[in-house]
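The values are calculated or read from the model by the stated rules, or taken from the named source; none is laboratory data. Computed from a predicted model, the values in this text were never measured in an experiment. Virtual Cβ from ideal backbone geometry, glycine too; neighbours counted across all protein chains shown.
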Amino acid sequence: MLPTYYIHLYNILYSNTSSPFVVVLSGSMEPTFYRGDILMLSNRNCVYEVGDILVFEAADKEIPIVHRILEIAQDSFGKKHYLTKGDNNQHSDTSLYRSGKRWLPHERTLGKIVGCIPYLGYLTLFLTEHLVLKCLLITFVVYTTFIDV
């Protein structure tokens, strides 16, 4: 268990983001990414450009959003703001930003997508959607870890 923690900590430090991996939960980015794909992201020395796919914190949502940058604006203080949209969505993400805002502030970004592992996230989705199986798996792991079999 401890080596896994250190690997995760290394990934957080290396990628300069609190979530170095995210699982695609919906079809909003198809055909680029599909539900169940695991995405790797980085926030190290990131310069965002139109067309980049970024991960951001939406207002009032716990789960980060993975969408493409459509436009970039800069305010009078030199801070960047983004307009994003899912590839498979009809409209931009303004409804996901803070109430009444047309732009996503840079401070809400978690990182840019730098890699994809297809299908591997289905295990996470499956366990999230099937609570009984999740409890059984946790029980099994605890039992085999702490009980001398």
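For region 41-74, taking the residues that are among the acidic types (Asp, Glu) and exposed (fewer than 11 other Cβ atoms within 10 Å of the Cβ), the one that is nearest to LEU110 (Cα to Cα) is identified as GLU62. One residue is enough: does region 116-132 have a residue meeting the conditions in contact (Cβ under 8 Å) with a residue 12 or more places away in the chain, over 27 Å from HIS67 (Cβ atoms) and more than 22 Å from the chain's Cα centre (by Cα)? There is no residue in region 116-132 that is in contact (Cβ under 8 Å) with a residue 12 or more places away in the chain, over 27 Å from HIS67 (Cβ atoms) and more than 22 Å from the chain's Cα centre (by Cα).
Condition check ((1) at pLDDT below 90; (2) out of contact with any Cys (no Cβ under 7 Å at 6 or more places or on another chain); (3) under 24 Å from GLY27 (Cα atoms); (4) not assigned by TED's automatic domain parsing to the domain that holds ARG35) across all residues:
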position	(1), (2), (3), (4)
ARG68	no, yes, yes, no
SER76	no, yes, no, no
HIS91	no, yes, yes, no
SER99	yes, yes, no, no
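Take the residues in region 25-40 that are in a loop (DSSP other than H, G, I, E, B) and in contact with a Pro (Cβ under 9 Å, 6 or more places away or on another chain); name whichever of them is farthest from THR128 (Cα to Cα). The selected residue is PHE33.
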